[in-house]
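J.: Please see the structure below; I have some questions.
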């Protein structure tokens, strides 16, 4: 790695980031008839060394956001900068040095590993592509990485099918670490795993984040897992960030009605005494289609507080009365 | 286990083995439980614990060419394990029904939702096309689909995930089954929709008084929904009790491990989670003795290597299949496990 970045400095910044997927239709000449507004004008900053959690239900645009930030998808509008450098439309060759600093961990440990390659080849792949020759050789480095993620270095020559789901996810983690990245984008890294194994991988990622000082963008639908992993959190709904703040802001004093509803829907009660603070809010219906999102506030169709104002005017993501300066909420009528 | 007279569903010493190319998989190993009408039984376990296979054998949905079943399953006094397919056919979708996890594969993409709900109703009651359609609208309405009269002619792909799950529940309930088996009914759904579906299942049970078996990997899901709970591991029941007993005062080290692994909204974020080391055993060659002993932190303190050599028995009633003495279980839980869960 070249120069150093001090902890807390903005690493990856997105401004007004937007992705609209065209919807084609019509006969005989297929043409654009609409757009899926997967991600709509979101602002987001991931700082060096921190873990940032992006949470929301399926279809809210959290995975698209991850893919935009890693430039696996071309943004429709907005700006992405990495350490002050605009990479929004950077070309492949320009991106190459940055790619080695931003790595991804994928959800499905089965489809994200090539079944025909040995573990050694999978993990050394990124080093080969970037022509990196660590002191002591690639094989030694791979064995070291296997050790770091809690696998037996002797398994260097095994194939993915010889491992369990949790072990495969560790292989994916080792591959992401191979280039000593500054930022890891982890898209639902534990949701395909059983609870007892999930905890192993969450602990592994947490210790890597702390010990190696790697920044994480942790994308997940599970609020409890995100809380366990992230210092700062953003809640997404239908392509928008509806609330963002520190972990305590979001989990202890949420202001957006949607955040309230999400937290109250998490099944709990596996505690010695049920906490009296958690009221039950039941949202009705499903998330509306992102092709024709509701006007104004996108949550208004399921919100029990919605008024005409919510339909007419989109609430800005801003500080609301009684919140700290870094706790932003996009709501006309925030919860107390 | 002694059969109580009012037990509606009884499963006794059920063992299920699959013959595969690699050998015999012991998917379910001497599992037993009882369920009364109007009650809900939760079966919790991780993938491969045998929870789904147990439920599929109740309905007789296994492939007889590769499956060996031992033990006895009775529903309302009728023995299902030895019943011919013709008898089971009359019961499935009628007296007993199932809700599956993945509504996209469980519903046929070629038929309208209404037709798929009406089909079991016509088959079991001999109702006319028109009556069955009316019934389908009624059922969609009951499970909370808006504009049921119009949506009845939609195809599954026109429904959202939550609506498809509702439609599948409507299909399962169309003949007023007395036993409903829900296998991970909310796993594929978002949290806000999951809460709606669980509420719906419980409301419908209040109305119909049916018995429900709720199978899930998520201890959070069972906490507010079931009466009794079985915890399964490697094809066996390792702990049994009322849901409060199992969740508030668990006895088996595996149950402790599950509870410790779960991140919770109230837990201390500075404390790492406490995972269970290792991974579940292969059911082709399960470990001797207690199947959990290779991952168990307490196996070493049991004298004479019993955890490795002797299968722990599951006594009737509130029980855990574990060689640790009762007072030791209690001490470990109150001193080491409970402080982490509060």
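The values are calculated or read from the model by the stated rules, or taken from the named source; none is laboratory data. All values derive from a computational prediction rather than experimental measurement. Neighbour counts run over all protein chains shown; Cβ positions are idealised from the backbone, glycine included.
J.: Assuming residue A:22 fulfils every condition listed in (1) modelled with pLDDT of 90 or more; (2) assigned to a strand (DSSP E or B) apart from one, which condition is it?
T.: (1) is the only condition that residue A:22 fails.
J.: Pairs, please: C-beta under 8 Å, at least 6 apart or cross-chain, first residue facing chain B (nearest Cβ under 8 Å) and at pLDDT below 50 and in region A:273-288, second surrounded by 12 or more Cβ atoms within 10 Å (Cβ to Cβ) and part of a loop (DSSP other than H, G, I, E, B)?
T.: Short answer, once both residue conditions are applied: A:275/A:268; A:275/B:266.
J.: Another question about this same structure. Can we say residue A:53 is part of a loop (DSSP other than H, G, I, E, B), under 18 Å from the mean Cα position of the chain (by Cα) and buried (at least 20 other Cβ atoms within 10 Å of the Cβ)?
T.: Values: part of a loop (DSSP other than H, G, I, E, B): no; under 18 Å from the mean Cα position of the chain (by Cα): yes; buried (at least 20 other Cβ atoms within 10 Å of the Cβ): yes.
Spelling it out, it is not the case that residue A:53 is part of a loop (DSSP other than H, G, I, E, B), under 18 Å from the mean Cα position of the chain (by Cα) and buried (at least 20 other Cβ atoms within 10 Å of the Cβ).
J.: On to the next question. Select from region B:35-44 the residues that are farther than 25 Å from residue B:66 by Cα and buried (at least 20 other Cβ atoms within 10 Å of the Cβ) and write down the one among them that is farthest from the chain's Cα centre (by Cα). Before you say what the answer is, go through the steps one by one.
T.: Our first condition is that a residue be farther than 25 Å from residue B:66 by Cα; within region B:35-44, this holds for B:35-42, B:44.
Now narrow it down to the ones that are buried (at least 20 other Cβ atoms within 10 Å of the Cβ): B:35, B:40-42, B:44.
On the way: B:35: 12, B:40: 10, B:41: 8, B:42: 6, B:44: 7 Å.
Step by step, filter region B:35-44, then rank; the result is B:35.
J.: On to the next question. Please return the ranges of helices (runs of 4 or more DSSP H) entirely within region B:148-253 where 1 or more residues are within 12 Å of chain A (Cβ to nearest Cβ) and on the phi < 0 side of the Ramachandran plot. Walk me through it before giving the result.
T.: On the way: elements: B:148-151, B:161-173, B:191-208, B:219-223, B:243-248.
Ranges flagged: B:161-173, B:191-208, B:219-223, B:243-248.
J.: Can you name the condition, by its number, that residue A:58 falls short on among (1) closer than 20 Å to residue A:241 by Cα; (2) in contact with a strand residue (DSSP E or B) (Cβ under 7 Å, 6 or more places away or on another chain)?
T.: In the conditions (1) closer than 20 Å to residue A:241 by Cα; (2) in contact with a strand residue (DSSP E or B) (Cβ under 7 Å, 6 or more places away or on another chain), residue A:58 misses (2) alone.
J.: Mind checking which residues of region B:283-295 are crowded, with 24+ Cβ neighbours inside 10 Å and away from chain A (no Cβ under 12 Å)? Spell out how you get there, then give the answer.
T.: In the first step, residues of region B:283-295 are kept if they are crowded, with 24+ Cβ neighbours inside 10 Å; the result is B:290-292.
Residues satisfying the conditions are B:290, B:291.
J.: With respect to the numbered conditions (1) closer than 27 Å to residue A:56 by Cα; (2) touching a residue at least 40 places away in the same chain (Cβ under 8 Å), which one is the sole condition not fulfilled by residue B:178?
T.: For residue B:178, the failing item is (1).
J.: Sort out which residues of region B:81-121 are in contact (Cβ under 8 Å) with a residue 60 or more places away in the chain, assigned to a loop (DSSP other than H, G, I, E, B) and under 12 Å from residue B:164 (Cα atoms), and write them in order of number.
T.: B:100, B:101, B:102, B:107
J.: Does region A:221-232 hold any residues that are more than 8 Å from chain B (Cβ to nearest Cβ), crowded, with 23+ Cβ neighbours inside 10 Å and touching a helix residue (DSSP H, G or I) at 6+ places or on another chain (Cβ under 8 Å), and which are they?
T.: Kept after step one, since they are more than 8 Å from chain B (Cβ to nearest Cβ), are these residues of region A:221-232: A:226, A:229-232.
Retained after the next criterion (residues that are crowded, with 23+ Cβ neighbours inside 10 Å): A:226, A:229-230.
Selection gives A:229, A:230.
J.: Looking at region B:20-43, is at least one residue within 14 Å of chain A (Cβ to nearest Cβ) and modelled with pLDDT of 95 or more?
T.: Just the residues of region B:20-43 that are within 14 Å of chain A (Cβ to nearest Cβ), to begin with: B:22, B:42.
Now narrow it down to the ones that are modelled with pLDDT of 95 or more: B:42.
There is at least one residue in region B:20-43 that is within 14 Å of chain A (Cβ to nearest Cβ) and modelled with pLDDT of 95 or more.
J.: Another question, if that's okay. Kindly establish whether residue B:132 is assigned to a helix (DSSP H, G or I), away from chain A (no Cβ under 14 Å) and more than 29 Å from residue B:35 (Cα to Cα).
T.: On the way: assigned to a helix (DSSP H, G or I): yes; away from chain A (no Cβ under 14 Å): yes; more than 29 Å from residue B:35 (Cα to Cα): yes.
It is true that residue B:132 is assigned to a helix (DSSP H, G or I), away from chain A (no Cβ under 14 Å) and more than 29 Å from residue B:35 (Cα to Cα).
J.: Residue by residue through region B:254-282, note down the ones that are farther than 20 Å from residue B:328 by Cβ and facing chain A (nearest Cβ under 7 Å). So that I can check it myself, show each step before the final result.
T.: Going residue by residue through region B:254-282, those that are farther than 20 Å from residue B:328 by Cβ are B:261-273, B:275, B:277-282.
B:261, B:262, B:263, B:264, B:265, B:266, B:269, B:272, B:273, B:275, B:279, listed by residue number.
J.: One residue is enough: does region A:177-188 have a residue meeting the conditions within 14 Å of chain B (Cβ to nearest Cβ) and in contact (Cβ under 8 Å) with a residue 60 or more places away in the chain?
T.: At the first step, the residues of region A:177-188 found to be within 14 Å of chain B (Cβ to nearest Cβ) are A:188.
Applying the additional criterion that residues be in contact (Cβ under 8 Å) with a residue 60 or more places away in the chain yields A:188.
Yes, the conditions are met somewhere in region A:177-188.
J.: Output the number of residues of region A:233-261 satisfying the condition of being touching a helix residue (DSSP H, G or I) at 6+ places or on another chain (Cβ under 7 Å) and either within 14 Å of chain B (Cβ to nearest Cβ) or surrounded by fewer than 23 Cβ atoms within 10 Å (Cβ to Cβ) (or both).
T.: Keep residues of region A:233-261 that are touching a helix residue (DSSP H, G or I) at 6+ places or on another chain (Cβ under 7 Å), which gives A:233, A:235-237, A:242-243, A:247, A:250-251, A:254, A:259, A:261.
If we keep only those that are either within 14 Å of chain B (Cβ to nearest Cβ) or surrounded by fewer than 23 Cβ atoms within 10 Å (Cβ to Cβ) (or both) as well, we get A:233, A:235-237, A:242, A:247, A:250-251, A:254, A:259, A:261.
Matching residues across region A:233-261 total 11.
J.: Which of the following residues is more than 10 Å from chain B (Cβ to nearest Cβ), more than 30 Å from residue A:329 (Cα to Cα), in contact with a helix residue (DSSP H, G or I) (Cβ under 7 Å, 6 or more places away or on another chain) and part of a loop (DSSP other than H, G, I, E, B): A:151, A:145, A:193?
T.: So the residue among A:151, A:145, A:193 that is more than 10 Å from chain B (Cβ to nearest Cβ), more than 30 Å from residue A:329 (Cα to Cα), in contact with a helix residue (DSSP H, G or I) (Cβ under 7 Å, 6 or more places away or on another chain) and part of a loop (DSSP other than H, G, I, E, B) is A:151.
J.: While we're looking at this one, here's another question. Here are some conditions: (1) part of a helix (DSSP H, G or I); (2) crowded, with 24+ Cβ neighbours inside 10 Å; (3) touching a helix residue (DSSP H, G or I) at 6+ places or on another chain (Cβ under 7 Å); (4) within 14 Å of chain B (Cβ to nearest Cβ). Residue A:206 meets all but one. Which one does it not meet?
T.: For residue A:206, the exception is condition (2).
J.: Anything in region A:50-59 that is at pLDDT 90 or above and out of contact with any helix residue (DSSP H, G or I) (no Cβ under 8 Å at 6 or more places or on another chain)? List them, or say none. Explain how you work it out, then say what you get.
T.: Filtering region A:50-59 down to residues at pLDDT 90 or above leaves A:50-56.
Once the filter is applied, which keeps residues that are at pLDDT 90 or above and out of contact with any helix residue (DSSP H, G or I) (no Cβ under 8 Å at 6 or more places or on another chain), region A:50-59 yields A:50, A:52.
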